[in-house]
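Engineer: I am attaching a structure below and will ask some questions about it afterwards.
The values are calculated or read from the model by the stated rules, or taken from the named source; none is laboratory data. These numbers come from a predicted model, not from an experiment. Please note: Cβ atoms are built from the backbone with ideal geometry, for glycine as well, and neighbour counts cover all protein chains shown.
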Amino acid sequence: MTSRLLRSLLFAVLLPAAAVAATPARPNILVIVGDDLGWGELSCQGNPQIPTPHIDSIAKNGVRFTNGYVSGPYCSPTRAGLMTGRYQQRFGHEFNPGPAEQAVENFGLSLKETTLPQRLKTAGYATGMFGKWHLGYRPEFHPLQRGFDEYFGFLGGAHSYLDAASDRHNPILRGTKVVETLDFTTEAFARETNSFIERHRAEPWFVYLPFNAVHAPLESPEKYLKRFASITDTKRRTFAAMLSAMDDAIGSVLAKLAELKLEENTLVFFISDNGGPTPSTTSGNGPLRGFKAQTWEGGIRVPWMVQWKGHVPAGRVDDRPVIQLDILPTALAAAGVAVKPEWKLDGVNLLPFLSGEKSGPPHGALFWRFGEQVAVRMGDWKLVKGAGADTRVEQVGHATMAGAQLYNLKTDIGEKNNLAAANPEKVRELAAAWDKWNSDLEEPKWIPQRAGGKGKGKKRTAN
């Protein structure tokens with residue numbers, strides 16, 4: 001055999017291996033969601049009372065968006081948008097369903113929609129979910145039927161942290177089997193996550209980790225309460241303990257990534273599902289107006305950060321508006337999954353904006369509809385009809401921008417100075433954009449009513 005022939009054969013054998021080695025590994029995807037965590041509660045958001053070093057580390061090692069939003073001002077709608085990358089009002093998922101025993105029969109994430117775990121599973125990812133689902137109770141809506149290989153958590157909107165048997169209509173489940181005993185949901189969800197990551201360390205994986213912390217009921221083991229003995233208000237002390245426990249749990253997951261040397265190959269998101277319900281849990285929204293279940297900033301602007309070591313700049317604070325709908329297309333882009341136009345996504349791939357390849361805003365406008373509460377943000381301007389005497393969540397099909405208020409969020413983050421009368425052209429511009437968006441939406445598939453109401457919907461609830 002000539003030396004030239006031998007070199008040719010060696011080249012032919014080694015080329016495929018070299019090509020494989022040169023191909024970057026598809027990153028793991030970790031999406032962490034806090035529940036009812038207000039915009040102003042984290043240390044990195046300016047709260048000195050409750051240390052959150054592990055959540056803060058995501059911002060330190062990545063990008064923190066100060067204008068991060070969710071498309072719904074409370075739990076289930078936000079999750080429907082997150083799972084699909086589409087405004088949830090496009091498929092009638094505008095409201096919460098109420099407690100499990102009262103939920104309307106047809107409640108659940110539309111089976112016509114394809115979820116993020118379904119898309120990643122098709123691309124070869126192992127998929128696991130550990131925590132609160134709130135996207136359907138019937139078997140066809142179960143996480144294991146919507147793209148997840150493994151599931152540990154509960155299907156409803158809220159659950160006791162310490163008692164697995166507290167709600168027979170909404171049990172803790174491993175897959176589809178009821179879990180009889182429980183120590184502390186916050187620790188359990190992190191523990192299950194770490195087990196999944198350990199077992200799937202050699203393949204690309206997607207983990208959805210939606211804690212029920214810091215949603216009511218206010219419950220915590222004594223070991224976390226002891227950290228905040230100086231807080232005399234019992235409600236606030238328990239909230240602080242719950243947030244600190246969630247921070248520890250997130251820290252354990254981040255430590256697992258470091259232990260397995262997966263930090264540079266894992267794209268991490270952290271958000272809250274809506275603003276804090278301050279009167280009920282003390283969860284605060286800082287300088288923002290309003291609370292959970294309102295289209296004021298306090299209901300829809302949330303902690304929002306992303307980390308991907310070696311790929312996303314570290315320690316950057318970004319003021320451009322983003323929304324939880326962006327998580328799906330960003331994750332798919334990182335995983336090398338091409339988005340098809342027929343999917344009609346509303347979210348945007350943030351990777352070129354994070355890398356600096358694109359310098360403009362990811363969105364021309366962001367929109368909200370929550371019964372008669374409506375809003376649109378375009379640049380620094382926001383046109384809004386928030387919670388008040390003239391807006392009703394129960395009244396659907398009649399949402400308009402008539403009488404909306406105009407704010408410049410760059411100079412008035414607290415929405416205190418209504419500029420509508422002085423800027424009629426800006427009001428018309430934003431109202432026209434919202435009207436166009438609204439014209440493509442579906443009517444809600446279930447409708448909340450005031451307590452004691454009857455009919456298509458069930459009792460109004462914050463669950």
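Engineer: Go over the candidates G175, G153, G157 one by one and state the one that is at positive phi and in contact with a Lys or Arg (Cβ under 8 Å, 6 or more places away or on another chain).
Structural biologist: G153
Engineer: I'd like the full set of residues that are under 21 Å from I58 (Cβ atoms) and out of contact with any Leu (no Cβ under 8 Å at 6 or more places or on another chain), limited to the stretch 274-287. Break it down stepwise before answering.
Structural biologist: Looking only at the stretch 274-287, we keep the residues that are under 21 Å from I58 (Cβ atoms), and these are 274-276, 283-286.
Scanning the stretch 274-287 gives N274, G284, N285, G286.
Engineer: Please go through the stretch 97-131 and pick out each residue that is assigned to a strand (DSSP E or B) and touching a residue at least 60 places away in the same chain (Cβ under 8 Å).
Structural biologist: Of everything in the stretch 97-131, those that are assigned to a strand (DSSP E or B) and touching a residue at least 60 places away in the same chain (Cβ under 8 Å) turn out to be A126, T127, G128, M129, F130, G131.
Engineer: Taking the stretch 307-344 only, how many residues are within 15 Å of T122 (Cα to Cα) and either among the β-branched types (V, I, T) or touching a Cys at 6+ places or on another chain (Cβ under 7 Å) (or both)?
Structural biologist: 2
Engineer: May I ask you to say which residue of K292, K358 is free of Cβ contacts under 8 Å to residues at least 12 places away in the same chain and in a loop (DSSP other than H, G, I, E, B)?
Structural biologist: Answer to the selection: K358.
Engineer: Which helices (runs of 4 or more DSSP H) sit wholly inside the stretch 180-284 and have at least 1 residues that are surrounded by fewer than 18 Cβ atoms within 10 Å (Cβ to Cβ) and charged (D, E, K, R)?
Structural biologist: Passing ranges, in order: 185-199, 222-225, 234-259.
Engineer: Restricting attention to the stretch 393-405, does a residue exist that is surrounded by 18 or more Cβ atoms within 10 Å (Cβ to Cβ), at pLDDT below 95, small (G, A, S) and outside any strand (DSSP E or B)?
Structural biologist: Yes, some residue in the stretch 393-405 is surrounded by 18 or more Cβ atoms within 10 Å (Cβ to Cβ), at pLDDT below 95, small (G, A, S) and outside any strand (DSSP E or B).
Engineer: Right, something else. Among the residues of the stretch 82-121, which ones are among the β-branched types (V, I, T), surrounded by 21 or more Cβ atoms within 10 Å (Cβ to Cβ) and either at pLDDT below 95 or in contact with a Lys or Arg (Cβ under 7 Å, 6 or more places away or on another chain) (or both)?
Structural biologist: If the condition is that a residue be among the β-branched types (V, I, T), surrounded by 21 or more Cβ atoms within 10 Å (Cβ to Cβ) and either at pLDDT below 95 or in contact with a Lys or Arg (Cβ under 7 Å, 6 or more places away or on another chain) (or both), then T115 is the only one that fits.
Engineer: Out of all the residues in the stretch 309-347, which are of a type in the set (V, I, T) and either free of Cβ contacts under 8 Å to residues at least 24 places away in the same chain or part of a helix (DSSP H, G or I) (or both)?
Structural biologist: Once the filter is applied, which keeps residues that are of a type in the set (V, I, T) and either free of Cβ contacts under 8 Å to residues at least 24 places away in the same chain or part of a helix (DSSP H, G or I) (or both), the stretch 309-347 yields I327, T330, V339.
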